[in-house]
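Asker: I have a structure here, written as structure tokens, and I will follow up with some questions on it.
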Amino acid sequence: MGFNLAILISGRGSNMLNIVEACNNKTLSSKVKIVISNNKNSSVLTKVEKKGIKTKIILENQINKFEKKLSQTLHEEKINFVCLAGFMRILSKGFLCNWEKKIINIHPSILPAFKGLNAVKKALEKKVKYTGCTIHYVDKGVDTGEIIDQRIVKVLKTDNEEKLAKKILKEEHILYIKVIKTLEKEKENDKIRQ
Ligand code: GAR
């Protein structure tokens, strides 16, 4: 059965494309109903449209106006699960209370370390030996929601921010599919139990 997914992005969209691919090739049983960007320069939207996926750009500076349009779109598309994938806006408590445990985010660090912006740079500055990525439920804090799963990356002496971010991104792509698959199974099991 899977989810009716919406994916929210702000930029490059490699995680988003990876999820779309996994849904299209049936690795996942969910369906990506819409990709929403808050960035009008998201050229990746053209790419995903060619794969038959609906896209929408929502440009609103005021968060309440943004969330009103977002809610309307999610409702229209009958979305029951939302993946944030490089989406760089903080959603408000008021919005999130209607979506408890229905929105997940990927972050390029082993949370709770290095929350917020520039997580890869911060990890290098702290000279950690290992970093990685985390998928967590979204709550009103910044990268504070319940952790679902993580993957580890070893930091090499030769790593700069670009190299390390690239290694982490590779793990992010694996992690996102694994987590959605697990949540799809949980949803199925919940249905059977009802
Ligand atoms: C990813 O590394 C993701 O973890 C990060 O932005 C990148 C988006 O890449 N997200 C955050 O830093 C959120 N706090 P993508 O657009 O190619 O998927």
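No value in this document is a laboratory result; all are computed from the given coordinates. Treat the numbers as computed from the prediction; the structure is a model and nothing was measured. A quick note on method: Cβ atoms are made from the backbone with ideal geometry, for glycine too, and the neighbour counts reach across all protein chains shown.
Asker: Consider the range 98-127. How many of its residues are under 22 Å from VAL179 (Cα atoms) and either within 16 Å of the chain's Cα centre (by Cα) or more than 11 Å from the ligand (Cβ to nearest atom) (or both)?
Answerer: 19
Asker: I've got another one for you. Just name the residue that is nearest to the ligand (Cβ to nearest atom) out of those in the range 88-97 that are surrounded by fewer than 14 Cβ atoms within 10 Å (Cβ to Cβ) and not in a loop (DSSP other than H, G, I, E, B).
Answerer: Filtering first and then ranking leaves LYS93.
Condition check ((1) farther than 21 Å from ASN64 by Cα; (2) of a type outside the set (Ser, Thr, Tyr); (3) out of contact with any Leu (no Cβ under 9 Å at 6 or more places or on another chain)) across all residues:
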{"site": "CYS97", "(1), (2), (3)": "no, yes, yes"}
{"site": "ASN105", "(1), (2), (3)": "no, yes, no"}
{"site": "SER109", "(1), (2), (3)": "yes, no, yes"}
{"site": "LYS115", "(1), (2), (3)": "yes, yes, yes"}
{"site": "ALA123", "(1), (2), (3)": "yes, yes, no"}
{"site": "LYS129", "(1), (2), (3)": "yes, yes, yes"}
{"site": "ILE135", "(1), (2), (3)": "yes, yes, no"}
{"site": "VAL138", "(1), (2), (3)": "no, yes, no"}
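Asker: Here's a follow-up. Between a residue in the range 129-158 that is touching a residue at least 24 places away in the same chain (Cβ under 8 Å) and any residue that is small (Gly, Ala, Ser) and assigned to a strand (DSSP E or B), which pairs come within a Cβ distance under 8 Å, given they are 6 or more apart or on different chains?
Answerer: GLN150/GLY132; ARG151/GLY132; ILE152/GLY132
Asker: Then there's this: Please list, ordered by residue number, the helices (runs of 4 or more DSSP H) wholly in the range 9-87 having 1 or more residues that are farther than 22 Å from THR182 by Cβ and small (Gly, Ala, Ser).
Answerer: 63-76
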